[in-house]
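To start, the structure itself, in structure tokens.
The values are calculated or read from the model by the stated rules, or taken from the named source; none is laboratory data. Here the structure is a predicted model, which is why all the values come from computation and not from measurement. Positions of Cβ are generated from backbone atoms using ideal geometry, with glycine treated the same way; all protein chains shown enter the neighbour counts. Ligands, DNA and RNA are excluded from the accessible area calculation, which covers all protein heavy atoms including side chains. Shrake-Rupley method; radii C 1.70, N 1.55, O 1.52, S 1.80 Å.
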Amino acid sequence: MSQDLHGRPHSGFGFGAGAGGGTFAGRVGVEIVGSGSYLPQRVLTNQDLEKVMDTSDEWIVQRTGIRERHICDAANGEATKRMGAHALRRALSDAKIGPDDLDLMICATMTGEMNCPATANLIGHEVGVKRAGSFDLNAACSGFVYAVNLAHDLIRGGAYRTVAVMGVDCLSTLMDYSTAGRGTAIIFGDAAGCAIFRATPDTRKGILAQAMHADGEGWKEIFVPRTMHDFPAGQACDPSKLGKVQMNGAAVFKFAVSTFSNLIEETLEKGNVKPEEVDMFICHQSNMRILKSARERFGLSEDKLYINIDRVGNTVGASVPLCLDELRKAGKVREGQKVMFLAFGGGLTWASSLWQL
Ligand code: UT7
């Protein structure tokens, strides 16, 4: 077996320079070799919310399907970096590789720790990653699926061999837990998820079809104002809203229901795959009613469209990788299957990724 530029052995199925831009001689497949996730210890139930705002467990369950969510211990500095580090460590251990085996890390987040550096770098530092490239990507709730498509094509194109994709979000820091914020604060929870993608000589494995879309006109349906200039025309500029998520829930709901169906149709058509051939739809958990409407529209059985929103709420960029990790650990997503990742959210953005595992 020969060695790459860093003195590491490589498998000899056409890999060239290794990390940071070498090229592989032949066409390669892409496989998921590990996953990990993390939920903060603190659980915020609907009953807890009843104590701080005018809401009820009954309203929340009926409108969203959510019973509880996990939130970070902000007072002790728990946020995106720490959650991401837990998820990355667990994914590396699941893949049976170390930090030095990574060539690239992408962190999909809308709650980065600082403007500079990228949170991916901070997470890498926590975990002992010393040489892999790393950067953040912000496509809100669609971020992880965007990053998966990017990682796949970078590996398939031959420049990188092993890529960690994380989806980490800490929305609790952007919530108004009072009656004024009840339309938004009840749905979001904090979490991190990570999947490790690697080149394989089995060229059947990888993405069969993908989509990434955005419509910037819809930015004002979900945004986090930083200054008084950030409010859309016609909306009152309220200083108490700075730094808090502003969401037009009803508009996003309408967008999500139609987008979900169109996106599934578009992706199946591109991949020339029938809905019944897909073993699992791994969807962004935004609202139980949105997920159920997709199930009904495509006649999917309960075991084909995974739902965990009741336990974790809407965890934004972490939503899809958290589902993936839970499904892999339960043996419900495995080699040989076809699975579709789907997400939509702020931006407005929406994205899909249909895989042959
Ligand atoms: O992840 C990415 C993007 N986000 C989403 O996908 C979220 C999509 N949207 C939703 O899930 C839903 O729109 C929400 C769950 C956020 C809100 O549910 P809704 O059925 O669309 O409620 P609404 O905002 O239309 O409000 C209906 C009523 C209002 O009262 P009035 O004006 O009819 O008297 C609200 O004030 O419900 C009231 N309300 C609440 N009542 C009790 C809003 N939030 C609450 C609450 N508890 N937490």
Task: Checklist (1) more than 30 Å from Ala250 (Cβ to Cβ); (2) free of Cβ contacts under 8 Å to residues at least 60 places away in the same chain applied to Thr45, failing item - done: (1)
Task: Sole exception among (1) surrounded by 15 or more Cβ atoms within 10 Å (Cβ to Cβ); (2) more than 12 Å from the ligand (Cβ to nearest atom) for Met288, by number - done: (2)
Task: Among residues of the stretch 218-234, those that are away from the ligand (no atom under 16 Å from the Cβ) and either within 30 Å of Glu265 (Cα to Cα) or open to solvent by 70 Å² or more (accessible area, probe 1.4 Å) (or both), counted - done: 5
Open item on the list: Among the numbered criteria (1) out of contact with any strand residue (DSSP E or B) (no Cβ under 7 Å at 6 or more places or on another chain); (2) assigned to a helix (DSSP H, G or I), which one does Leu263 miss?
Closed with: (1)
Open item on the list: Considering only residues that are of a type in the set (Val, Ile, Thr) and either touching a strand residue (DSSP E or B) at 6+ places or on another chain (Cβ under 6 Å) or closer than 15 Å to Ala79 by Cβ (or both), which ones fall in the stretch 101-134?
Closed with: Ile106, Thr109, Thr111, Thr119, Ile123
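What residue, among those in the stretch 293-308 that are in contact with a strand residue (DSSP E or B) (Cβ under 9 Å, 6 or more places away or on another chain) and touching a residue at least 24 places away in the same chain (Cβ under 8 Å), is farthest from the ligand (Cβ to nearest atom)? Steps first, please.
From the stretch 293-308, those in contact with a strand residue (DSSP E or B) (Cβ under 9 Å, 6 or more places away or on another chain) are 294-295, 298, 300, 303-307; that's our starting set.
From the residues that got through so far, the ones that are touching a residue at least 24 places away in the same chain (Cβ under 8 Å) too are 294, 298, 300, 303-307.
Working: Ala294: 12, Phe298: 19, Leu300: 19, Asp303: 23, Lys304: 21, Leu305: 16, Tyr306: 16, Ile307: 14 Å.
Of everything passing the filter in the stretch 293-308, Asp303 is farthest from the ligand (Cβ to nearest atom).
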- [ ] Enumerate the pairs (first residue in the stretch 170-192 and in contact (Cβ under 8 Å) with a residue 60 or more places away in the chain and closer than 18 Å to Ser37 by Cα; second residue anywhere and within 10 Å of the ligand (Cβ to nearest atom) and assigned to a helix (DSSP H, G or I)) with beta-carbon separation below 8 Å, excluding pairs fewer than 6 apart on the same chain, so at least 6 apart or on different chains.
- [x] Leu171/Val316; Phe188/Leu171; Phe188/Val316; Gly189/Leu171; Asp190/Leu171; Ala191/Ser319
TODO: Could you please find all residues in the stretch 6-59 being part of a loop (DSSP other than H, G, I, E, B), modelled with pLDDT of 95 or more and closer than 30 Å to Val163 by Cβ?
DONE: Leu39, Pro40, Gln41
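Of all residues in the stretch 174-197, which are open to solvent by less than 60 Å² (accessible area, probe 1.4 Å) and either away from the ligand (no atom under 16 Å from the Cβ) or aromatic (Phe, Trp, Tyr) (or both)?
If we filter the stretch 174-197 for residues that are open to solvent by less than 60 Å² (accessible area, probe 1.4 Å), which is where we start, we get 174-176, 178, 181, 183-197.
If the condition is that a residue be open to solvent by less than 60 Å² (accessible area, probe 1.4 Å) and either away from the ligand (no atom under 16 Å from the Cβ) or aromatic (Phe, Trp, Tyr) (or both), then Phe188, Ala192, Cys194, Ala195, Ile196, Phe197 are the ones that fit.
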Open item on the list: Of the residues Ala164, Ala185, only one is in contact with a helix residue (DSSP H, G or I) (Cβ under 9 Å, 6 or more places away or on another chain), of a type in the set (A, V, I, L, M) and under 26 Å from Ser93 (Cβ atoms); which?
Closed with: Ala164
- [ ] For residues that are free of Cβ contacts under 8 Å to residues at least 60 places away in the same chain and under 19 Å from Tyr160 (Cβ atoms), scanning just the stretch 98-127, find the one that is surrounded by the most Cβ atoms within 10 Å (Cβ to Cβ).
- [x] Ile123
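Check Asn262, Asn248 and return the single one that is more than 15 Å from Leu342 (Cβ to Cβ), assigned by TED's automatic domain parsing to the domain that holds Arg334 and surrounded by fewer than 22 Cβ atoms within 10 Å (Cβ to Cβ).
Working: Asn262 fails: more than 15 Å from Leu342 (Cβ to Cβ).
Answer to the selection: Asn248.
Given the criteria out of contact with any helix residue (DSSP H, G or I) (no Cβ under 7 Å at 6 or more places or on another chain), of a type in the set (D, E, K, R), open to solvent by less than 80 Å² (accessible area, probe 1.4 Å) and away from the ligand (no atom under 16 Å from the Cβ), does Asp73 qualify? Break it down stepwise before answering.
Details: out of contact with any helix residue (DSSP H, G or I) (no Cβ under 7 Å at 6 or more places or on another chain): yes; of a type in the set (D, E, K, R): yes; open to solvent by less than 80 Å² (accessible area, probe 1.4 Å): yes; away from the ligand (no atom under 16 Å from the Cβ): yes.
Yes: the conditions hold for Asp73.
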Open item on the list: Which of the numbered conditions does Gly299 fail, given that it passes all the others? Conditions: (1) at positive phi; (2) small (Gly, Ala, Ser); (3) open to solvent by less than 60 Å² (accessible area, probe 1.4 Å).
Closed with: (3)
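Return yes when Val257 is surrounded by fewer than 19 Cβ atoms within 10 Å (Cβ to Cβ), touching a residue at least 12 places away in the same chain (Cβ under 8 Å) and either within 16 Å of the ligand (Cβ to nearest atom) or closer than 20 Å to Ala139 by Cβ (or both) and no when it is not.
Here the answer is yes, as Val257 does meet what is asked.
Over 25 Å from Thr203 (Cβ atoms), in the same structural domain as Glu31 (by TED's automatic domain parsing), more than 18 Å from the chain's Cα centre (by Cα) and open to solvent by 10 Å² or more (accessible area, probe 1.4 Å) - does that describe any residue in the stretch 130-141? Break it down into steps so the answer makes sense when it comes.
Let us first name the residues in the stretch 130-141 that are over 25 Å from Thr203 (Cβ atoms), namely 130-131, 134-141.
Retained after the next criterion (residues that are in the same structural domain as Glu31 (by TED's automatic domain parsing)): 130-131, 134-141.
After this cut, where a residue has to be more than 18 Å from the chain's Cα centre (by Cα) as well, the list is 130-131.
Those left that are additionally open to solvent by 10 Å² or more (accessible area, probe 1.4 Å): 130-131.
Yes, that holds for at least one residue.
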